[in-house]
Amino acid sequence: MIKGKSILSLMELDRNEILKILDVSAKLKEKRKDGIYPKLLKDKTLVSIFMKPSTRTRISFNEAMHELGGHCIDVTSTELQLGRGETIEDTAKVISRYCDVIAARVFSHEDVVRLSRASSVPVINSLSDMYHPCQILADLLTIREKKGKLNGIKLAYIGDGNNVCNTLIIGCTQVGIDINLACPKEYMPSNVAINFALKAVESSGSHITFYDDPQEAVKDVDVIYTDTFVSMGQESDKEKRLRIFLPKYQVNSKLVEKAKSDFIFMHCLPAHRNQEVTDEIIDSTNSVVFDQAENRLHAQKGLLCLLLLEESEIKI
Ligand code: CP
Ligand code: NVA
């Protein structure tokens, strides 16, 4: 039962719930191709708060609500009294009197946890320093479209063990994707995500494997995924990070040689071209990054519908 939940990390959802969101998303995507926009969220409002910049998340949430017949109010935290010191709890209590669901992009994950505790409506984490659940729902939708399945797919994540990586570990191990990780020892994913994954693989039957050498990690994989080496909020560490990540963790034509020939390249974007990935790879025919970005819209539509409606109300 997804309705009414807050989605902060993807750990709130089990395998069947993730697959249910993907199914609703895929159906809405098909209808949209025919110009059909089911108004499932008529009279529903999303308030979408940003403490950091965003292109994909901000615009896709707006468009998702519009296409579903609802409404989105998006604001940056500096435009709210939050920027002048009103507490997160008071902000949550007030906003949840006006709307049906809140999305928030925050620096510290604790902030979105506090928001969800004080809110009387579901809260979606639209990126914190720890997790990026909406991104990974779109990624799973993309992998399923491109490879025809999730169970048994092999994915290598190369680079920073960051918010995207943590959530990818959680999502992949739930749905039966094998995940190979090559991250420097200084920037490993969180123990919370790893421990969740170690439990998830017991029931999904997939594997999580750690590699020192990115070349080993990509051997025979179907998907190669990377993200920036310098996430939002880490700018002061940029030089140190680039020294550690480059050249070893860059996804380039040499690195991908041992992957399956039909591997897909994925990146949540924005990319720092020729740092974590070369132009040659991100612009290659193996790259699916723009389909992946488009799927943010479809996956968020599926998620919003299931958070706000009973399954029986979702008639597509
Ligand atoms: N991938 C992603 O979340 O992009 P934005 O930062 O542009 O929202
Ligand atoms: N890891 C990146 C993802 C951006 C969508 C960041 O947090 O900046």
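Observations on the structure shown:
- Hits in the stretch 108-127 (condition: within 16 Å of ligand 2 (Cβ to nearest atom) and buried (at least 24 other Cβ atoms within 10 Å of the Cβ)): Val112, Ile124, Asn125, Ser126, Leu127
- Sole residue being within 16 Å of ligand 2 (Cβ to nearest atom), modelled with pLDDT of 95 or more and not small (Gly, Ala, Ser), chosen from Ile282, Ile208: Ile282
- Residue within the stretch 246-257 that is surrounded by 14 or more Cβ atoms within 10 Å (Cβ to Cβ), among the polar types (S, T, N, Q) and within 16 Å of ligand 1 (Cβ to nearest atom) present: no
- Checked against the criterion of being at pLDDT 95 or above and within 22 Å of Glu17 (Cβ to Cβ), the candidates Gln234, Gln215, Gln174 yield just one match: Gln174.
- Among residues of the stretch 149-162 that are touching a residue at least 24 places away in the same chain (Cβ under 8 Å) and basic (Lys, Arg), those with a Cβ under 7 angstrom from a residue that is in a loop (DSSP other than H, G, I, E, B) and surrounded by fewer than 24 Cβ atoms within 10 Å (Cβ to Cβ), sequence gap 6+ or separate chain, pair up as Lys154/Asp220; Lys154/Val221; Lys154/Asp222.
- Subset of the stretch 116-159 (residues that are away from ligand 1 (no atom under 16 Å from the Cβ) and either hydroxyl-bearing (Ser, Thr, Tyr) or at pLDDT below 95 (or both)): Ser116, Ser119, Ser120
The values are calculated or read from the model by the stated rules, or taken from the named source; none is laboratory data. All of these numbers come straight from a predicted model, not from anything done at the bench. When we count neighbours, we look across all protein chains shown, and the Cβ atoms used for this are built from the backbone with ideal geometry, even at glycine.
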